Structure formats: C-alpha cells, structure tokens
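A.B. asks: Pasting a structure below so you can have a look.
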Amino acid sequence: MTSDLEAAMSSGAAARPDSPLRDEVGALGFPRLALTLRRCRRILTSRKADNSIREERAGTPRLALMRAATPDVAPVDYGGSVMSRIRGSLVPSFSLGWRRASPAAGGLLALALALAAALSLGGTARAQETRIIKPGSMAVTGFPGTFIPNLDEGLPPGIDPVDETFIDIARATLRVFDVSQLGGPASGQLVATPPPFEVTAGQIGQVFGLTYDDGVRDGVPSGVPNLYAGATSLHGIRIVTPDADEDGRPERERRGAAGATFMEGQFGTENGGGPGTIWKIDGITGQVAKFADIDGNSGPGIGNLTFDPSHRQFFASDLDTGLIHRIDAEGRLIDSFDHGVAGRPAHGLAPVADDGSVMDIQGAAFDSEDPESWGYTQDERRVWAVSYHGGRLYYSVGEKSEIWSVGIARDGGFAGDPRWELTVKADKDYAVTDIVFDNSGFMYLAQRGPVENRYDYSRFADSGKGEVIRYFRENPDDPETESVWVEVPQEYAVGFPQGNRQSAGGLDLQYGYDSEGNLDTSVCTQTLVSTGDKLRDNPTLAEQLAAGGPLSVHGVQITPRDLVKPANVPPFGSWFVDFDNDFEDPEVEGHVGDVAVWHPCEGRAGYYEEIPGGYLPPFYPPDFLPPGNLPPCLDVEDVRYFCTPSGLQADLYLHDHAGFGGDSINVQSRTPGVGLATAPSHAPAKPYTIDITGHHPGDRVDVGLCFYRKADKDKGGYYPCCKMTLPLRTPAVSCER
C-alpha cells in the first residue's frame, strides 16, 4: 500500500480525554464528531453408489450453482458441516494463494475431502463445547446453491435440467467466519479463513437479516451472545407441486398452481418454520431453534432485525404488512408500530394503510419471477432495515429510501414520536436494507438492488449499482436544511467492477486490524464489513488482481472505516472473504445477504468515544451550610461524556475555588432507578470520573456530590465534605455495543 493509504488507515486511533474530538479532523479532512462477467464451464457433480465423484458438462449454460447428489441427505445437527462441499475444480489452499485441483486427482480428492470432513466435524463438536461465536466473529447469510436429485439415473430427452433443479438443503444458508487473522496487509486480496460454522438450508431455509443478543443466560451475563436470523424472500421464491411424472422429484412451478407448496429449503418448513420465522442459533452450542413467528406473513418474510440491549427486546420489520414488531427476549410478540399510519403524518405525508395483499402460491396471479405478485406491502410503508440506537429505533422505508426513527420509552414500548431523519441521496433509488451506527456520530447505510428471481437461480437482485454510504449530523445544525444530517453522504468503494458499487445490502462494524491483518480488539468499530457481488471481478485489473486469488468472489469486503471515497478507489486497501468458496459462478447476482459482527469492547482505551452532553447550574442541598458563611467551595468547569464497555461515563472537571483542599469525591444518585459509581482513588490534575447506569438516554440525572480530603476520611469518623447536587443532561445517545 502507499504511504498515503497507510496514513489514512492509521487515522482511526482512539481519542484521548486531553484531545477532544470536536477539535480534531481525520486524515481525510473530515471533522471528528463528538460522541467480471466471464464465461466458464459449468460442472455438475454426481455421487455414485461407491461414493466416488464424476464430472459432466451441464446441458445448458443457464444452470447456476448446481450440485447433484442422492436426495436423502439429512441436515447436520447443530449447525451443519464446517466444510463447504466443493463444486467445480477450484479448491482453496490454506496458504494465502489458491491452487487448481487436477482432474486426474478426482478419486484421491474425494477421499481426502471425506477424511478432512470427518476430522473437521470432530473438531467442530469439541469447539462447540465452548463457543461458536467469539469477539470478531462474522456471520453472513446467502443462497446455499442447488442440486439435481438422482442425476445418476439420467434425465429423459428433451427435459430442461433447470426444471429438475432444487435448493440444496445440505448446504449452508448461514456461515459464521473467524476473520481474526487475514494473513497480511490489505492489498485487495481474497483471504483464506478457517472452516466456518454452518447452518443449512434444510434447518432454517433462506434467511437474510441478522442480529446478536447480549449473551445474558438465565439472568447471568455469559459473554457469549446468541445469533438470530430472519426468514427472507430476498433470495427468491420457489414453489413445487407433487411428483407427477414419477421420477422421484416434485414438479417445479413458475406460476401459482393448485396444491403448490414452498420448495424444501425455502423457509425451513420441515422444522416448523415459515416466512415469518426468526431463528435462534445458540452462541455456545450451535443449537438451532425457532425463536419467534410473525403470524400472518404470507411469504415476503422479514426485512431485518435488531436487538435493544437496554430493554432486552428485539425489533423485526415485516415486509408483508409493513409493521415493525416488538418481541421480548423469550420470543413473544408484544406489540407493533405501523409506520404507514402512525409515522408518515409526522412529516406531513398522507397515511397509507396496508392494502391486505398476500402471497398466494396456489392462485393464478402468483408468478415466481414477478415480485409484484408476492404480497409485499406498498412501497410507501414498506420497512426494510431496523437499528436500535440512542434510545430510538431507526428504520428505512421504501425503494426511494427514507430514514426515520421512533423513540423507545422507558418501559420499552414505542414512544409515539416518529421522526423523519433524511431521504437518502444516492445514484439509484434502491432500498436500504441495513443500518449501523458508531459512537462517533456516523450512520452507515447499505443499499440492495431491486428484488428479482430468475427461474434458473442465477439472479435475485439487480447488482452493480448498490451503494454503501455514511451520514453524520451537521455540526452545528444548519437551519436552512430540513434534516439535521448532512445533505451529501460519504461513499465507500465496494468491489472492483466499474463504479465500485457492488453492495448486496448487508453491513456492520468490526474491530480494528493491525498492519499485518490481525484483529485488534483494543480498537473498537474501526472497520466496515459489507456484503457484495462480483467483488474482485474487473477485466481491466485482472492481471493485478490475479495474485490475490480468484476473481469471482461473492461475499464480504473488509475495509478500514476511514477510507471513504476518493480513498480506496479501486479498493486495494480492503480484504475479501467469499461466502461459499465456489469460484465458478461469476454470473450470479444477489446470492449474498446480510452480515453481522460480534464486537464487544474491552477497556476504556479500546472503546473511548466522546459524546456531547452538558450540565445545569449546580445547586446546594438544604442541609449544607458552608462553615463561616463562606461562598460555595466548588465550581464545575466542564463535563465530558464517554461510552465505555460498562456504559456511560462522565468526566467532571471541578475547581476548588474556595481552597477547600479536596482531592476525592463520593457520589449518590438522587434520581430513582439510576446508579452512580466512582473510582476509589483520584489522580491529581485529572478529572473525576463517574459511571452512570440505568438511565434513559437524554434523561436528567441528579448527582449528589461530596467533595472531601482523603486524608480526613482516612482518620475515621466524621470528616468535612463540600456537598452539592449536580444535574447532568445525559446525552441522547446510548452506549450499547
């Protein structure tokens, strides 16, 4: 990398108390805010009775992501195999390079893979005895691929193989990657990761949205969260009718038909799931279970999910009705918020009620290749992304995406104060399907192209124009603009194809990485991870990219968050991870979904974000009588707030103007339900730090303050104490991790 790039990547160092963020600018000059369309041969693999493998050319170039096998493959318990089945002839080497397997080695390769799979499964079982989710773990959703059951028996003449192709229920629709070691400095290369933990389509069907909880188990923090995934139609809708030609396979249907059902692997119906199901993956054992069901969702599925750690509850957007559902920690639906009716009028827009349309796969109007027939609620009320932040639930609406928020009350309910935040300014009016925040004031958005569903499984979204952007608040607010957010967002380069706009609609924040690509958990939310299609596919850069691995990468781009455009164009300052290690599918689009990273922060140095707040003039309690009628002994010069792993901290800058000689403080909360604590010792010339818990963001917290000399207290008994009550205006931003 160039020295300029290195300088930009190093600019995200944590701030220090003696260097307020409001007085700094980043390496790129922005203020720091307080608080490949290539042709390739298609390979079908079929498995014979002796478990050897043979290769055949596909009969049509339309076959995408295909595997053939016997039809009675059962899903693997507790998350599936840790090794992806190899399709085609590219096999990853666990050095940083990649090698192409020799066709002559097919039998030996099959034996080696079988042995490796057996050993890996044993290792996985042992690993799951401790945990499958660790700090920095990256979960990704995507389409699992397809197969033709009983291909060994052959297909009758004139039969289109696509008509006999089905979702591969034995392959993963969700993978959890270890991305703690990326193997070297970022240079636009594909990185090899350890085999991921997997959950198969047979277990949970197709899923998109992801979120983690806080890891509290039986009321006790465990340090290991659970992962949640919502059913989706964003990877297509496929229906079948019973086997009519007695070939052992159901009949695929393009249009609604009597007796039609969802294809196996579509919604996990075999395990009691449906289009409104939210699945829970235990972060310790990997056990998969149904967590919640949104009744009445006929097929559009869940837009996205978010967890509210302040009230231990979830929010899920419903693409069928447009409602945002509130769900408790046990999976019970509590209530819902209707943006179309209750939100729009807050911005002077006419209310829009749900039109009641549903997905009827047995009706003649249903067309699997026409999402307009799938029962989505109207665009004006269709909520996609949801994200809890700062005591409010932020959400995106419609294809010409608007970002809104609604407050979450102290009891966890919707506060009834919907607020338009901004209308997304991007080149294309694409839906925003993911929203994340950092505590520096940035809001990150990921677009996903319009929903499609090619019958041959090749395309589920219009790729190549989706953007990843970030907004920050105007500082100070410009009264001439309608929004409190800047008008023009910053954009990231996603992928190498022309335009660098390959977003697949998922993003999250990750720890920092050092210069050798090793995860640095002491630096929080310094890296952006985003999903995308064809991420390394650019013919004009093919020679330069070849050293970094295959070009046909559908997966995740990992980028230092400071590298907004024009930096990192093209994105040689990023690393790339492929979702399924299949590199013979360059034409597919929309096969990758959401991404979520577990990034708890440890230590104030690693999670040090100054956020704006304030204080009111202090007052003195009636029981305090200054001896000798002296003036009050203490002034408050400044209060600065910081987010830490334990929550909100306030640094108090006190002035002993009366010469009282105090060097320590005690604090007592005078606001019911709020807890206060302070360190037992204080360093000279440093601010006094207090921890604040149990408050609602933006609340006033009254701090009973006792300023005293430690030497007096150490003598025992009564000791002089300068008392005051300090009313703090806490920031309207929560410190959830």
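A.B. asks: Need the failing condition index for Asp335 against (1) at pLDDT 95 or above; (2) surrounded by 14 or more Cβ atoms within 10 Å (Cβ to Cβ); (3) assigned to a strand (DSSP E or B), just the number.
C.D. replies: (2)
A.B. asks: Follow-up. Leu551 passes all but one of (1) crowded, with 16+ Cβ neighbours inside 10 Å; (2) closer than 24 Å to Ala385 by Cβ; which number fails?
C.D. replies: Exception for Leu551: condition (2).
A.B. asks: Any idea which of (1) open to solvent by 20 Å² or more (accessible area, probe 1.4 Å); (2) at pLDDT 95 or above; (3) within 25 Å of the chain's Cα centre (by Cα); (4) farther than 21 Å from Thr141 by Cβ is the one Arg382 doesn't satisfy?
C.D. replies: Condition not satisfied by Arg382: (4).
Table: residues versus (1) crowded, with 21+ Cβ neighbours inside 10 Å; (2) in a helix (DSSP H, G or I); (3) of a type in the set (Lys, Arg).
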{"position": "Thr306", "(1), (2), (3)": "yes, no, no"}
{"position": "Thr321", "(1), (2), (3)": "yes, no, no"}
{"position": "Val341", "(1), (2), (3)": "no, yes, no"}
{"position": "Ala346", "(1), (2), (3)": "no, yes, no"}
{"position": "Leu349", "(1), (2), (3)": "no, no, no"}
{"position": "Ala364", "(1), (2), (3)": "no, no, no"}
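A.B. asks: Against the conditions (1) outside any loop (DSSP other than H, G, I, E, B); (2) crowded, with 22+ Cβ neighbours inside 10 Å, where does Thr540 fall short? Just the number, please.
C.D. replies: Going through (1) outside any loop (DSSP other than H, G, I, E, B); (2) crowded, with 22+ Cβ neighbours inside 10 Å one by one, Thr540 breaks only (2).
A.B. asks: (1) open to solvent by 10 Å² or more (accessible area, probe 1.4 Å); (2) at pLDDT below 95; (3) not hydroxyl-bearing (Ser, Thr, Tyr): which one isn't true of Gly412, the others all being true?
C.D. replies: The number of the failed condition is (1).
A.B. asks: Let me ask something else about it. Any idea how many residues of segment 678-716 are surrounded by 14 or more Cβ atoms within 10 Å (Cβ to Cβ) and of a type in the set (Gly, Ala, Ser)?
C.D. replies: 3
A.B. asks: With Ala258, Ala316, Ala289 as the choices, which residue is more than 29 Å from Phe366 (Cα to Cα) and either in a loop (DSSP other than H, G, I, E, B) or out of contact with any Pro (no Cβ under 7 Å at 6 or more places or on another chain) (or both)?
C.D. replies: Step by step, each of Ala258, Ala316, Ala289 is checked, and only Ala289 is more than 29 Å from Phe366 (Cα to Cα) and either in a loop (DSSP other than H, G, I, E, B) or out of contact with any Pro (no Cβ under 7 Å at 6 or more places or on another chain) (or both).
A.B. asks: Moving on to the next point. Please work out which one of (1) out of contact with any helix residue (DSSP H, G or I) (no Cβ under 6 Å at 6 or more places or on another chain); (2) assigned to a loop (DSSP other than H, G, I, E, B); (3) open to solvent by 10 Å² or more (accessible area, probe 1.4 Å) is the condition Thr211 fails and give its number.
C.D. replies: Of the numbered conditions (1) out of contact with any helix residue (DSSP H, G or I) (no Cβ under 6 Å at 6 or more places or on another chain); (2) assigned to a loop (DSSP other than H, G, I, E, B); (3) open to solvent by 10 Å² or more (accessible area, probe 1.4 Å), the odd one out for Thr211 is (2).
A.B. asks: Please pick out the residue among Gly188, Gly202, Gly223, Gly183 that is surrounded by 23 or more Cβ atoms within 10 Å (Cβ to Cβ), touching a Gly at 6+ places or on another chain (Cβ under 8 Å) and in a loop (DSSP other than H, G, I, E, B). Outline the logic, then answer.
C.D. replies: On the way: Gly202 fails: in a loop (DSSP other than H, G, I, E, B); Gly223 fails: surrounded by 23 or more Cβ atoms within 10 Å (Cβ to Cβ); Gly183 fails: surrounded by 23 or more Cβ atoms within 10 Å (Cβ to Cβ).
Result of the check over Gly188, Gly202, Gly223, Gly183: Gly188.
A.B. asks: For segment 143-180, what are the residues that are closer than 30 Å to Ile284 by Cβ, touching a Ser or Thr at 6+ places or on another chain (Cβ under 7 Å) and in a strand (DSSP E or B)?
C.D. replies: Ile167, Ala172, Thr173, Leu174, Val176, Phe177
A.B. asks: Ok, one more. List every residue pair whose Cβ atoms lie under 9 Å apart, where the two residues are 6 or more positions apart in sequence or sit on different chains, the first residue falls within segment 398-415 and is farther than 22 Å from Gly505 by Cβ, and the second residue, located anywhere, is of a type in the set (S, T, N, Q) and open to solvent by less than 40 Å² (accessible area, probe 1.4 Å).
C.D. replies: From residues that are farther than 22 Å from Gly505 by Cβ, the pairs are Ile408/Gln313; Gly412/Gln313.
A.B. asks: Still on this model: Does Thr232 satisfy the criteria of being open to solvent by 10 Å² or more (accessible area, probe 1.4 Å) and either at negative phi or modelled with pLDDT of 95 or more (or both)? Write out each step before concluding.
C.D. replies: On the way: open to solvent by 10 Å² or more (accessible area, probe 1.4 Å): no; either at negative phi or modelled with pLDDT of 95 or more (or both): yes.
Against the criterion (open to solvent by 10 Å² or more (accessible area, probe 1.4 Å) and either at negative phi or modelled with pLDDT of 95 or more (or both)), Thr232 does not qualify.
A.B. asks: Would you tally the residues in segment 456-467 being outside any loop (DSSP other than H, G, I, E, B) and closer than 18 Å to Val432 by Cβ?
C.D. replies: Residues in segment 456-467 being outside any loop (DSSP other than H, G, I, E, B) and closer than 18 Å to Val432 by Cβ: 2 in total.
A.B. asks: Between a first residue in segment 216-228 that is aliphatic (A, V, I, L, M) and a second residue that is open to solvent by 40 Å² or more (accessible area, probe 1.4 Å) and not in a loop (DSSP other than H, G, I, E, B), which pairs have beta carbons less than 8 Å apart while being 6 or more apart in sequence or on different chains?
C.D. replies: Leu227/Lys280
Quick grid of which residues meet (1) open to solvent by less than 50 Å² (accessible area, probe 1.4 Å); (2) in contact with a helix residue (DSSP H, G or I) (Cβ under 7 Å, 6 or more places away or on another chain):
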position	(1), (2)
Lys465	no, no
Val468	yes, no
Thr481	yes, no
Gln490	yes, no
Gly495	yes, no
Arg501	no, no
Tyr513	yes, no
Ser522	no, yes
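A.B. asks: Take segment 131-157 and flag every residue that is open to solvent by less than 20 Å² (accessible area, probe 1.4 Å), out of contact with any helix residue (DSSP H, G or I) (no Cβ under 6 Å at 6 or more places or on another chain) and under 20 Å from Gly555 (Cβ atoms).
C.D. replies: Ile133, Gly136, Ser137, Met138, Ala139, Val140, Thr141, Gly142, Phe143, Gly145, Thr146
A.B. asks: Also, I was wondering about something else. Identify all residues within segment 213-244 that are under 14 Å from Thr141 (Cβ atoms) and not β-branched (Val, Ile, Thr); write none if there are none.
C.D. replies: Across segment 213-244, the qualifying residues are Leu227, Tyr228, Ala229, Gly230, Ala231, Ser233, Leu234, His235, Gly236.
The values are calculated or read from the model by the stated rules, or taken from the named source; none is laboratory data. A quick note: this is a predicted structure, and the numbers were derived from the prediction, not measured. In this analysis, Cβ positions are derived from the backbone assuming ideal geometry, glycine residues included, and neighbour counts consider all displayed protein chains. Please note that ligands, DNA and RNA were not included when accessible areas were found on the heavy atoms of the full protein model with its side chains. Shrake-Rupley method; radii C 1.70, N 1.55, O 1.52, S 1.80 Å.
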